[in-house]
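> This is the structure I want to talk about, given as structure tokens.
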Amino acid sequence: MSILRSLPEQVDFEAPALAAAGLGQWEIDLSSDSARCSPRAEALLGLAQGPSPRTLSSLLDAFIPEDRSAIAAAFSMVRSTGCLQFERRIRHAIDGTIRWLHVKGGLSEDASAPARLMGIVADVTEWRSHQERRHQSESMAAISHVCGRIAHDYNNFLMAVGTNLEMYEEQVTGSERARRFYDAAQDGLQRGARFNESLMSLAGRHQLHLAPVRVDALLLALEPALRTQMEATINIELLRPSGPLICTTDARQLEAAIQQLATNAQDAMPGGGTLRLSLKERVFDDREAATYGVAPGPFGVIAVDDTGIGIDADGIAHVVEPFFTTKAARRAKGLGLSLAYMLARRSGGFIDIASRLGQGTSVQIYLPHII
């Protein structure tokens, strides 16, 4: 995060300018392990304001367990390098959210206090999110181009197979065994055609029929099919909105995306669980919209939540990429979330995914809302 690299190594502990910029200040006596934080730093670390001094160990405890060893290693190098800098995650004690913090500091230049480490801390969660979404968008654009080229060649193969099957149909008359083989080949051809349609959608080759869609009515109409689709061990909850929710999208593609997300949720709950579908509205101002790469204004949010096994942080980073899947290879093609992502983007919205291992996953589709 470049905004921190231009700041002075030593700072006035109560500097109002830094507090106004959203930066917290801290200092640590490495010889005694005592630490002192400004109120802003306490808030960024998600700590309840308590008696001073704190300890270095108590500050490390604010970070998630997976990141603590790397932070400890960074502190162990301070005496030899004279400086400290890292970006790591905390779980906020108040709301439980994961936040990214950038920490920078340096040893005091005061010869009488050689073990005094001073520095600043900033919340860079939104900046990282913006960078990740930009990278994700660029990656999807490149992959979509490749999918388009593959789909073109694949379609030529399917046409050749289909033409020969049509010619062969006349030869299976009167032979039940030959008819079974023919029907199996036709079934494979149709599955191949559906897969190619998915590739075409990822490549943006399918024309979306964008129009005002009553999303609340679509979910109500889809509910019986979802109950038939889900196993008996899955409890379905549909939280109906208080009024109509009209969004701009392709109704058929949205229906297919929700069904695919429901299938993903079922696979994540092998022992049973709850699938919850809900709708809400949200308005983005200019700053929030820029973070997500959309136009400011109102959005309808379709949430598909499950109580399944969840996805780890590495999986979340790749989950919308085509052909990436956390399931066994024979059970999934890895296109479900990719198609939902492309539908949302081409409709002028986006998708947001949150998950915790052992607690479940929430996929939210944001679509432009017509008031």
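The values are calculated or read from the model by the stated rules, or taken from the named source; none is laboratory data. The shown structure was predicted, so the numbers you read here are calculated from the model rather than taken from an experiment. FYI the Cβ positions are ideal-geometry reconstructions off the backbone, even for glycines, and counts take in every protein chain you see. Heads up: the accessible areas ignore ligands, DNA and RNA and are worked out on the full protein's heavy atoms, side chains in. Shrake-Rupley method; radii C 1.70, N 1.55, O 1.52, S 1.80 Å.
> Could you give the nm distance between label points at residue 282 and residue 58, where each point is 7 Å from its Cα heading toward the beta carbon?
Going from the residue 282 label point to the residue 58 one covers 3.5 nm.
> Around residue 241, under 13 Å between beta carbons, what's the net of Lys plus Arg minus Asp minus Glu among the other residues?
Details: positive: 214, 240, 280, 282; negative: 216, 281.
The answer is +2.
> Where the only charges are on Cβ atoms (+1 Lys, Arg; -1 Asp, Glu), what is the dipole of segment 211-370 about its Cα centre, to the nearest 20 debye? Walk me through the numbers on the way to the answer.
Values: 15 positive and 17 negative charges, 66 e Å.
The calculation lands at about 320 debye.
> For 152, 209, 102, 130, what's the largest-to-smallest order of accessible area, 1.4 Å probe?
Numbers: 152 110, 209 135, 102 5, 130 80 Å².
My answer, sorted largest first, is 209, 152, 130, 102.
> Further, regarding this structure: Percentage of Cα-Cα pair distances in segment 211-370 greater than 25 Å, rounded to whole percent?
Numbers: 3465 of 12720 pairs.
In whole percent, the share of Cα-Cα pairs in segment 211-370 beyond 25 Å is 27.
> So what are the ³J(HN,Hα) numbers for segment 23-39, from phi and the Karplus equation (6.51, -1.76, 1.60; θ = phi - 60°), rounded to whole Hz, Gly and Pro as x?
After applying 6.51 cos²θ - 1.76 cosθ + 1.60, I find 9, x, 10, 8, 8, 9, 8, 5, 6, 10, 6, 8, 9, 9, 10, 6, x Hz.
> Another question, then. How would 100, 26, 127 line up by accessible area, probe 1.4 Å, largest first?
Working: 100 55, 26 20, 127 105 Å².
Largest accessible area first, the list is 127, 100, 26.
> Give me the extension gain from residue 31 to residue 168: residue separation times 0.36 nm, minus the current Cα-Cα distance, reported in nm with one decimal. Can you show the working numbers first?
Details: separation 137, 0.36 × 137 = 49.32 nm, distance 8.52 nm.
Additional length available on full extension: 40.8 nm.
> Calculate what fraction, in whole %, of the accessible area of segment 158-313 sits on carbon and sulfur atoms when a 1.4 Å probe is rolled over the protein chains.
Numbers: 4400 of 8510 Å².
With neighbouring chains kept in place, the figure for segment 158-313 is 52 percent.
> Here is a further query. Quick one: 3J(HN,Hα) in Hz for segment 74-80, Karplus 6.51/-1.76/1.60 with θ = phi - 60°, rounded, Gly and Pro as x.
5, 5, 5, 8, 4, 5, 8
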